[in-house]
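Reviewing the structure listed below.
The values are calculated or read from the model by the stated rules, or taken from the named source; none is laboratory data. Just so you know, these numbers come straight off a predicted model, no measurement behind them. Neighbour counts run over all protein chains shown; Cβ positions are idealised from the backbone, glycine included. Just so you know, the surface numbers come from the protein's heavy atoms only, side chains and all, with ligands and any DNA or RNA stripped out. Shrake-Rupley method; radii C 1.70, N 1.55, O 1.52, S 1.80 Å.
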Amino acid sequence: MGTINVSRKYTLAQKIYLYYIIKGMLINLKRFFRGLFLQENWTIQYPEQRREYSQRFRGAHFISVDKNKTENCTACFLCETVCPAECIHIIAEERPEDENTYGVWKEKKPASFDIDLLRCCFCGFCEEACPKDAIKLSRDYEMSVATRDEAIFDLNHLKREVKGRG
Amino acid sequence: MSNSSFEITMPKVDLNYTSAKTPVHSDPNPEAKPLPKVTIDGKAYEFKPGDTIMQVAERYNLHEDIPRYCYHPGMPIAGTCRMCTVEVEKAPKLMTSCSTPAGDGMVVHTRSEKVLKSRNGVMDFLLANHPLDCPVCDKAGECELQDYTFEYGPQESNFKEEKRVFKEATTKKLSDKVTLNMNRCVHCERCVRFTDDVTKTNDLVMLNRGWHKELAATDEKVGLTNDYQGCLTDFCPVGALTFNDFRFEKRVWFLDKKPSLCDGCSKGCNIEVHHDKEIVQRYMPIYNEKVNGHWMCDEGRLSYHTYADADRIVSPLVHDQASGRLASTNWETASQVVNAKVKSATKTLVVLGTDATTEEGMLVKGAFANRAEVKYHSGFGDNKALDHLLRQSDKTPNTNGLKAIGLSPLAPTDINGNDLVIVIRQGRARLPKVEGQDVILVGVYSREEIETLKTSNVRVHAVLPSLATIEKDGSFTNCDGHTQSFTAAVTHRGKSLAMPRILAALVGEKR
Ligand code: SF4
Ligand code: SF4
Ligand code: SF4
Ligand code: SF4
Ligand code: FES
């Protein structure tokens with residue numbers, strides 16, 4: 001890897017430098033007075049106010065459940081296979097007979113299902129790969145945590161109720 | 001580390017489910033009759049009289065052109081699935097290549113329009129009742145039904161009817177090793193023929209006919225009894241039979257595959273070690289005509305657990321005087337302790353387990369040449385075959401190899417009169433009975449074994465962990481005298497060392 005020197009042609013106004021400084025200052029001043037006298041807001045008061053995001057926004061994951069609160073996931077590992085960030089970790093096991101409400105369709109279940117949100121790049125590939133529509137990305141964008149451990153979603157947390165999508 | 005007096009043959013890496021791919025050549029002798037020729041897809045191939053079209057194709061590596069379900073090179077031909085049909089010129093109908101003998105001058109097309117249409121139809125029928133639960137199915141990724149559907153299958157099914165479901169047999173344990181999911185079965189009957197003709201235990205049957213045709217154990221109460229049940233799950237073309245030990249453990253596309261040898265008995269079956277990130281998930285047999293054919297026994301198949309055991313000792317241990325326990329330490333300390341012990345001992349005996357490779361045997365012999373006596377020990381007595389297939393009573397892989405380098409077996413009285421016994425043993429040979437002497441253990445041990453030794457008052461001075469068969473290179477000579485060499489299939493992730501470095505620590509030489 002070498003260094004590439006890029007040279008640009010500057011116009012006279014750019015070379016004098018003061019012209020663009022003043023121009024920028026004027027924009028600031030204009031916004032300042034409009035905010036002051038006309039009450040025009042350019043930011044929102046988060047968290048009291050919230051921005052409306054697109055319906056297709058990809059946020060924190062969840063796993064959909066059926067009416068018995070059994071996860072729809074059959075531990076097929078397809079999401080783990082497709083995940084480019086390698087942040088999904090599944091351990092599979094046999095589903096007990098009595099939970100097997102759909103016969104053959106659910107003979108396998110995840111014993112544990114962890115998603116490391118710190119590694120996740122929110123590409124949504126897992127959602128697309130899932131043959132059971134089990135893993136989904138909600139529109140929840142508030143994912144700040146105090147420790148790294150909390151950023152690893154386990155099966156219990158993934159099965160939480162998510163409003164508005166699922 | 002090779003010795004020119006040994007014939008070393010690499011285990012043959014070959015696809016599972018296919019037989020020897022060795023082309024036949026005409027006898028160079030001018031008086032011999034020329035071999036007959038068959039034309040397959042426009043090219044002429046010589047064949048041995050008696051070969052079927054399928055076998056000719058296999059010999060010349062054309063096996064991928066002919067799909068098959070019921071045909072398996074290790075079993076008698078059934079000709080029931082109709083997947084292998086090919087077009088033979090001048091024959092009025094399509095022929096099943098697995099059961100049609102090749103004839104001189106025959107012209108065969110494996111991919112004509114008629115053939116592809118027939119295969120498409122066969123696939124459509126097979127899929128009519130197939131659950132298509134590939135996401136849950138352990139076979140997905142190495143499933144012949146999947147592969148052939150991609151290649152030949154119909155894009156859409158012509159069947160709109162409800163699929164047949166075997167309620168009882170959806171997940172039915174045929175034994176503690178094998179689970180049956182009858183919904184996925186394609187009725188190729190490889191499994192039935194295997195128990196009839198290969199193991200000769202007759203413990204599987206097909207009940208009923210047509211729509212209700214169902215696989216079951218001959219005696220439902222006993223279930224499967226043969227010792228080669230893992231093979232059923234290898235060659236079952238779909239996920240109908242799955243091996244419990246591997247069931248749901250891993251999807252097959254994550255697995256890396258390396259050839260190695262099974263060290264579960266003196267047969268030395270050729271295997272493929274399937275591992276993901278150096279964690280062994282299963283063994284599978286590789287075809288070797290001279291040793292194991294297509295098969296391997298369940299005991300060997302499960303024997304990787306000795307090496308993948310969480311309780312395996314993978315860090316050197318030395319006896320701590322103060323606490324009276326074996327404590328984990330580093331190799332420098334351990335080397336000093338064992339070296340001092342070996343130097344101070346007046347008479348030393350080295351007991352070499354017959355699970356050591358021949359190369360290790362020679363190293364041990366050389367290292368202790370003037371210091372101690374070296375004897376080999378298996379603990380299983382004389383070898384005899386346990387059945388007509390593979391299993392042997394000597395559960396160690398290399399008794400013959402160590403015999404061949406001039407070592408002699410351990411006699412019961414040999415141990416008396418020594419004050420130090422060094423036991424080298426890699427997880428397969430039995431431990432010799434030691435009483436009253438100091439013992440240094442080298443090799444593969446589990447925590448349980450060491451604890452048993454301690455309760456029986458054996459004074460274990462140190463434990464030096466070494467590499468297991470699948471983690472090292474070497475060669476074994478099996479019960480029939482075949483010498484086979486192998487290379488490491490997985491990388492050891494503990495602190496165990498290879499034998500040369502352990503020997504250097506023991507005798508205090510730099511290597
Ligand atoms: S969104 Fe993408 S990166 Fe995140 S878990 Fe799914 S597949 Fe992996
Ligand atoms: S979430 Fe979906 S893709 Fe992932 S293992 Fe479960 S069923 Fe398969
Ligand atoms: S047997 Fe093959 S096709 Fe059938 S579910 Fe299993 S992987 Fe899919
Ligand atoms: S269980 Fe497997 S091997 Fe046996 S008949 Fe069915 S598909 Fe064939
Ligand atoms: S493979 Fe020839 S009929 Fe089945």
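Some points to look at:
- Unit charges on C-beta of K, R, D, E only; dipole of the protein assembly as shown, Debye: 2120 debye
- Segment B:272-426: relative contact order in percent, alpha carbon pairs under 8 Å with at least 6 residues between: 21 percent
- Residues listed by number, segment B:71-101, amide nitrogen under 20 Å from residue B:117 label point at 7 Å toward C-beta: B:82-97
- Chain A: relative contact order as a whole-number percent, Cα under 8 Å and 6+ apart: 25 percent
- Per residue, the convex hull around the alpha carbon atoms of segment A:61-161 comes to 97 Å³.
- Shown here for segment B:221-306: trypsin sites (Lys or Arg not before Pro) in loop regions (DSSP other than H, G, I, E, B) with at most 16 other Cβ atoms within 10 Å, namely B:221, B:277, B:290.
- For peptide A:73-84, the mean count of partner chain Cβ atoms within 10 Å of a residue's Cβ comes to 3.
- Relative contact order [Cα under 8 Å, 6+ residues apart], chain B, whole percent: 13 percent
- Only Lys, Arg (+1) and Asp, Glu (-1) charged, at Cβ; chain B dipole about Cα centre in debye: 540 debye
- Extending 7 Å from the Cα toward the beta-carbon at both residue A:119 and residue A:45 defines two label points whose distance is 4.2 nm.
- Computed FRET value (nearest 0.05) for residue A:28 with residue B:446, which takes r as the C-beta separation and R₀ as 60 Å: 0.25
- Here r is the Cβ-Cβ distance between residue B:163 and residue B:220 and R0 is 30 Å; the resulting FRET efficiency, rounded to 0.05, is 0.75.
- Taking a sphere under 13 Å around the Cβ of residue A:40 and counting the other residues whose Cβ falls inside, with K and R at +1 and D and E at -1, yields a net charge of +3.
- Accessible area of segment B:146-241 belonging to carbon and sulfur atoms, whole % at 1.4 Å probe: 48 percent
- For the peptides B:163-175, B:456-468, the ranking by mean Cβ contacts within 10 Å, running from highest to lowest, is B:456-468, B:163-175.
- MRE, 222 nm, helices only [DSSP H, n ≥ 4, -39500 (n - 2.57), over chain B, to nearest 500]: -5000 deg cm²/dmol
- Of all DSSP bridge pairs formed entirely within chain B, close to 60 percent run antiparallel.
- Chain lengthening between residue A:160 and residue A:4 when straightened (0.36 nm per residue, less Cα-Cα): 51.0 nm
- Net charge of the neighbourhood of residue B:81, taken over other residues with C-beta under 14 Å away and scored Lys/Arg +1, Asp/Glu -1, is +3.
- Each part gets one Cα centre, and for segment B:446-509 versus segment A:1-29 those centres are 71 Å apart.
- Modelled FRET efficiency - R0 60 Å, residue A:146 with residue B:433, Cβ distances, 0.05 increments: 0.50
- Calculated mean residue ellipticity, 222 nm, chain A: -6500 deg cm²/dmol, from DSSP H runs (n ≥ 4) at -39500 (n - 2.57) each, averaged per residue and rounded to 500.
- Net lengthening on full extension, residue A:21/residue A:67 (0.36 nm per residue, minus Cα-Cα): 10.3 nm
- Of the GluC sites (Glu not before Pro) found in segment B:213-267, the ones in coil according to DSSP and having at most 14 other Cβ atoms within 10 Å of their Cβ are B:220.
- Antiparallel DSSP beta bridges within the protein assembly as shown, as percent of all bridges there, nearest 5: 65 percent
- Cβ-based charge dipole, segment A:46-166, positive-most Cα from A:53, A:111, A:74: A:53
- Charge tally in the Cβ shell below 12 Å around residue B:137, where Lys, Arg are +1 and Asp, Glu are -1, residue B:137 excluded: +1
- Of the cross-linked pairs B:172/B:290; A:69/B:160; B:290/B:384; A:67/A:108; B:117/B:290, those separated by over 28 Å at the C-alpha level are B:172/B:290; A:69/B:160; B:117/B:290.
- For residues of B:134-142, the mean tally of beta carbons on other chains within 10 Å: 4
- For residue A:81 and residue A:53, the difference between the fully extended length at 0.36 nm per residue and the C-alpha to C-alpha distance is 7.1 nm.
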